[in-house]
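Each remark here refers to the structure printed beneath this line.
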């Protein structure tokens with residue numbers, strides 16, 4: 001028996017409005033075709049995810065895994081081969097949603113002969129912002145991304161890290177509710193990368209929803225609340241970061257001032273109770289934490305001066 005017209009219409013309807021769901025994909029797929037229309041590459045296959053209000057959601061995967069295709073489909077820059085994508089309850093192809101979105105692409109396509117103030121003023125004009133609002137907003141964002149001392153330098157003189165900063169400021173010019181960030185720390189040194197990640201978390205704390213696309217594992221681990229891992233166009237894992245990283249069959253104990261004798265007793269007790277001692281040793285930090293500790297300690301004013 002064929003479906004009724006009402007049922008068919010209902011299958012094409014947008015999802016019921018849920019204020020907590022910012023992005024939803026249903027069986028989303030994209031296949032690229034060659035000049036003759038033959039299937040060439042299945043870039044994305046049956047993706048089902050939800051990005052909820054006020055979270056940092058990470059898309060993680062190697063090059064060619066489908067991350068950039070997903071971002072383009074969500075923005076409506078590509079049309080899906082199968083399935084559907086919704087943003088703020090609207091079809092991804094609905095351009096009215098773009099007023100609430102800020103986007104930082106992997107490569108910053110900015111006008112190199114403009115300075116930071118002129119760049120933000122230009123993008124403010126695209127959103128029909130009044131001149132006074134543009135000036136105030138531009139000044140605020142330049143301070144937010146730490147470019148006060150380079151605000152009147154042409155962008156062609158910027159380093160890659162500085163270009164990423166002004167690119168983020170441009171993405172924030174319209175005070176978006178949703179930020180889409182594609183490799184936001186590309187080209188940054190460890191200090192700049194840490195500052196960028198801290199800024200992203202502050203934006204989350206201000207209520208913004210952030211979709212972060214990266215192949216930098218440390219970036220995703222440091223800032224994301226939930227993550228989707230893509231590989232060869234397929235969703236391989238989805239969940240909260242701390243849950244995915246937890247090793248279920250290993251217990252970790254942290255203690256201070258343990259002598260070698262006490263360590264030996266603890267190891268003996270574990271064995272007596274049927275457990276297996278894998279290692280008892282001092283914890284290690286990360287290379288990023290070590291580098292930042294060393295460099296920040298050497299910054300002017302970080303060490304006490306003689307009387």
### Query
Any idea which of 170, 154 is surrounded by fewer than 20 Cβ atoms within 10 Å (Cβ to Cβ) and either closer than 28 Å to residue 220 by Cβ or assigned by TED's automatic domain parsing to the domain that holds residue 53 (or both)?
154
### Task
Considering only residues that are outside any strand (DSSP E or B) and within 30 Å of residue 40 (Cα to Cα), look in region 221-280 and name the one that is modelled with the lowest pLDDT.
232
### Task
Sort out which residues of region 250-266 are in contact (Cβ under 8 Å) with a residue 12 or more places away in the chain and more than 34 Å from the chain's Cα centre (by Cα), and write them in order of number.
263, 266
### Task
Identify the residue in region 183-202 that is in contact with a strand residue (DSSP E or B) (Cβ under 8 Å, 6 or more places away or on another chain) and surrounded by fewer than 20 Cβ atoms within 10 Å (Cβ to Cβ) and, among all such residues, is farthest from residue 139 (Cα to Cα).
183
### Summary
Here the residues within region 113-143 that are closer than 16 Å to residue 154 by Cα and surrounded by fewer than 12 Cβ atoms within 10 Å (Cβ to Cβ) are 113
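Determine, yes or no, whether residue 51 is under 20 Å from the mean Cα position of the chain (by Cα) and in the same structural domain as residue 185 (by TED's automatic domain parsing).
Details: under 20 Å from the mean Cα position of the chain (by Cα): yes; in the same structural domain as residue 185 (by TED's automatic domain parsing): yes.
It is true that residue 51 is under 20 Å from the mean Cα position of the chain (by Cα) and in the same structural domain as residue 185 (by TED's automatic domain parsing).
Which of the following residues is in contact (Cβ under 8 Å) with a residue 40 or more places away in the chain, touching a helix residue (DSSP H, G or I) at 6+ places or on another chain (Cβ under 7 Å) and not in a strand (DSSP E or B): 62, 80?
On the way: 62 fails: touching a helix residue (DSSP H, G or I) at 6+ places or on another chain (Cβ under 7 Å).
Of the residues listed, the single one that is in contact (Cβ under 8 Å) with a residue 40 or more places away in the chain, touching a helix residue (DSSP H, G or I) at 6+ places or on another chain (Cβ under 7 Å) and not in a strand (DSSP E or B) is 80.
The values are calculated or read from the model by the stated rules, or taken from the named source; none is laboratory data. Keep in mind it's a predicted model, so treat the numbers as computed, not measured. Here the Cβ is made from the backbone with ideal geometry for all residues, glycine too, and neighbour counts use every protein chain on show.
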